[in-house]
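Just below is one structure, and these are the notes that go with it.
The values are calculated or read from the model by the stated rules, or taken from the named source; none is laboratory data. Worth saying up front: this structure is predicted, and the values here are computed from it rather than measured. As a convention, Cβ positions derive from the backbone with ideal geometry for all residues, glycine included, and neighbour counts pool all protein chains shown.
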Amino acid sequence: MEVNVDVAAYSAEAGVAAHEHTEPVADRVIKSLSFPSQGRAVEAAVSPPPIAVLMSRADDRSISYSMARVDASGTVPATSALEALSWKPGKRIGYRIESGALVVYPSADGLHVLPKKPSVVIPAPLRHVLGVVASHQLLLGALTSHEALVIYPPSALNRMVGLFHSTADDVDRGATSRIPPTATAQQA
C-alpha cells in the first residue's frame, strides 16, 4: 500500500495546510511580506536555521537532552525539554523535517498547539515519513538559545551511533590502545 504524505502542509513556509488556502498565491506572498500591526506583539513565525548551523552554534549549556517513548497517538512526553525551552501549553508550534529528524519551533501561525500535558504530538503524516511507530524511544534535544526542539527517531540515532563508532575506531587506530592485548594475541 502506497501512502502519499503532504509534508509541505506541515512546513513553516506553508503556515496552514496547503489545501486550506483560499486566496491567490500572489495575495499570500504580499500578506507574508507585510509588517504586523504595532499594537500587537507577534511571535516570530520564522523557522530556525538548519540543524547543522544550530549545533555548530550550541554549547553544552544551551542543549538539554532527554529520551521519551512515543505512544500510538504520536504523543511524546517532553516535560524536561519543554521546561528547558520555557514552552507552555497552548503555544503554537510548527514542524520541519530535516536530515531525518523533526524540528519543532514556535510559530505564531502554526497548525498545532502544545497540549495541556507537557508533551509534543507528532502528526501521523510526519511519523510516517520519519518511520516513527508507537513505543519507539526518541531523543529530544532542546536547543534553548535557538527556541527549537529537535526530535531524533531511532533511524537517526542508529546513524549517529554508527558514525560515532566509525570515527572513534579511526582515532583509536592512531592512538596507543589502553586495552591490554587478549591472551590469544599475546601467545602469537
message: For region 70-87, check the following and say yes or no: at least one residue is part of a strand (DSSP E or B) and in contact with a Pro (Cβ under 6 Å, 6 or more places away or on another chain).
response: no
message: Just the residues that are under 13 Å from the mean Cα position of the chain (by Cα) and not in a strand (DSSP E or B), please, taken from region 110-122.
response: Ile122
task: Residue by residue through region 119-162, note down the ones that are more than 18 Å from Ile63 (Cα to Cα) and aliphatic (A, V, I, L, M).
output: Val121, Ile122, Ala124, Leu126, Val129, Leu130, Val132, Val133, Ala134, Val161
Complete set of residues in region 88-109 that are part of a strand (DSSP E or B), touching a residue at least 60 places away in the same chain (Cβ under 8 Å) and of a type in the set (A, V, I, L, M): Ile97
- request: Could you figure out which of (1) buried (at least 17 other Cβ atoms within 10 Å of the Cβ); (2) at pLDDT 95 or above isn't true of Ser135?
  value: (1)
- request: Starting from residues that are in contact with a His (Cβ under 8 Å, 6 or more places away or on another chain) and closer than 20 Å to Tyr65 by Cα, keep the ones in region 95-132 and report whichever is surrounded by the most Cβ atoms within 10 Å (Cβ to Cβ).
  value: Tyr95
